[in-house]
1. Checking residue 251 against (1) more than 25 Å from residue 336 (Cβ to Cβ); (2) among the charged types (D, E, K, R); (3) at pLDDT below 95, which test does it fail?
2. Do you know which residues across the stretch 237-267 are of a type in the set (A, V, I, L, M) and either surrounded by fewer than 16 Cβ atoms within 10 Å (Cβ to Cβ) or closer than 20 Å to residue 218 by Cα (or both)?
3. Tell me, yes or no, whether the stretch 186-198 has at least one residue that is farther than 30 Å from residue 20 by Cβ, in contact (Cβ under 8 Å) with a residue 12 or more places away in the chain, out of contact with any strand residue (DSSP E or B) (no Cβ under 6 Å at 6 or more places or on another chain) and not basic (Lys, Arg).
4. Restrict the check to the stretch 222-229 and report whether at least one residue is part of a helix (DSSP H, G or I) and of a type outside the set (A, V, I, L, M, F, W, C).
5. Look at residue 74 and say whether it is at positive phi and either in contact with a Phe, Trp or Tyr (Cβ under 9 Å, 6 or more places away or on another chain) or surrounded by fewer than 18 Cβ atoms within 10 Å (Cβ to Cβ) (or both).
6. Out of 124, 139, 99, which single residue is surrounded by 14 or more Cβ atoms within 10 Å (Cβ to Cβ), free of Cβ contacts under 8 Å to residues at least 60 places away in the same chain and under 24 Å from residue 14 (Cβ atoms)?
7. Would you check which residues across the stretch 220-236 are buried (at least 22 other Cβ atoms within 10 Å of the Cβ) and over 20 Å from residue 290 (Cβ atoms) and list them?
8. Against the definition (among the hydroxyl-bearing types (Ser, Thr, Tyr) and buried (at least 23 other Cβ atoms within 10 Å of the Cβ)), how does residue 193 come out, yes or no?
Amino acid sequence: MTGIDLTAVLAVALSPLAWVYQWWSAEGAAQVFWAQQIMAASLAVLVALLLDRLWGEPPVWLHPVVLMGKLLGGIGKVIAPSAEKTRDFKSFVLGMIAWCTLAALFFVGYALCQWLLPPAQWWWHGLVVGVLLKPLLSWRMLKDEVLAVEAALQQSLPAGRERLSWLVSRDTSQLDAATVRESAIETLAENLSDSVIAPLFWFAVAGLPGAAVYRLANTADAMWGYPGWRGTGAQRRHWQWAGKWAARADDVLNWIPARITALWLAVLVRGLSWSALRRDAAVTPSPNGGWPMGAMAQALGVRLSKPGVYQLNPQGRSPQAADMQQAVSFASKVVTTQVLFALLALVLMTVWVWAGDAA
């Protein structure tokens, strides 16, 4: 650690992006140190995506997102009212305080995990952080569930509707086959951002704590953020105000990742119109969801819609069975690109450190 400013280490201890700047501006032993941090972060991304590919999700009892869901579910019974109110400032404040408290809890918990790793080689840190990062992202399960919708559709339309209901909150009982496929492709595109690109982006910005807080925000939005009645009997709650903070927080944290996802699809699938994409993104209720969904619609040449709400790429055709596999293929290219970037960073930093040692 000779020649390394410990204050600087603590100031950027969580951020792989900050490590790149530190490496670029440092000299001597400090530069080698920051290069090794970049190597560890790159290895962590590779390990997380490899674990996802090989084994998918960890057991429920070990899954941090399941824990987040349980905490959000329990707290939700307290903060959301059982009666509808026109303006409910109290529920809004309670939702904000609860969200911020949980975010602080997970940020500190994951920061301690990252800070308190015992001194070891950079590759050991990369392996451990990669194992901890894996549950905060999910690609294999998303891909498998989308393909399962098409497999069910091949059996019957009711089977396809039933399988789609595992993925979406809307009523699927009246959807035709084309609309079932539209909904599945929309889910794939939006969750490519939510479940892969966004966790990796926030890992790059703020390490494990950043990815954990993002995952909490995304889970809270799914559980608290949609206004209206949810639950039955004594558990029935109205979420018009209690979930507003969670919904807005998710919008803010997804703003950049959603556009990065659309940009990747535009780069990897030639011929997409960015002006048409901006137009389509503006018609969705979400400020973010229309970007990856619109890009996927253009990439496939299909129309994606939610009846009475929006149409993306309205001049496109109705999706067919082959489009489901093609959508997964396009999304897989985006994930593969993240692997290649992490691998490239790891190789370049390793070669740089090796060349310095050899000199």
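1. Among (1) more than 25 Å from residue 336 (Cβ to Cβ); (2) among the charged types (D, E, K, R); (3) at pLDDT below 95, the lone unmet condition for residue 251 is (3).
2. First, the residues of the stretch 237-267 that are of a type in the set (A, V, I, L, M): 242, 246-247, 249, 252-253, 256, 258, 260, 262-263, 265-267.
Those that are of a type in the set (A, V, I, L, M) and either surrounded by fewer than 16 Cβ atoms within 10 Å (Cβ to Cβ) or closer than 20 Å to residue 218 by Cα (or both): 242, 246, 247, 249, 252, 253, 256, 258, 260, 262, 267.
3. Yes: the stretch 186-198 contains one or more residues that are farther than 30 Å from residue 20 by Cβ, in contact (Cβ under 8 Å) with a residue 12 or more places away in the chain, out of contact with any strand residue (DSSP E or B) (no Cβ under 6 Å at 6 or more places or on another chain) and not basic (Lys, Arg).
4. Residues of the stretch 222-229 that are part of a helix (DSSP H, G or I), as a first pass: 222-224.
Of the ones still in play, those that are also of a type outside the set (A, V, I, L, M, F, W, C) are none.
Taking every residue of the stretch 222-229 in turn, none turns out to be part of a helix (DSSP H, G or I) and of a type outside the set (A, V, I, L, M, F, W, C).
5. no
6. Numbers: 139 fails: free of Cβ contacts under 8 Å to residues at least 60 places away in the same chain; 99 fails: free of Cβ contacts under 8 Å to residues at least 60 places away in the same chain.
Only one candidate qualifies: 124.
7. Result: 220, 224.
8. The answer is yes for residue 193.
The values are calculated or read from the model by the stated rules, or taken from the named source; none is laboratory data. Keep in mind the model is a prediction, meaning the values are calculated, not measured. As a convention, Cβ positions derive from the backbone with ideal geometry for all residues, glycine included, and neighbour counts pool all protein chains shown.
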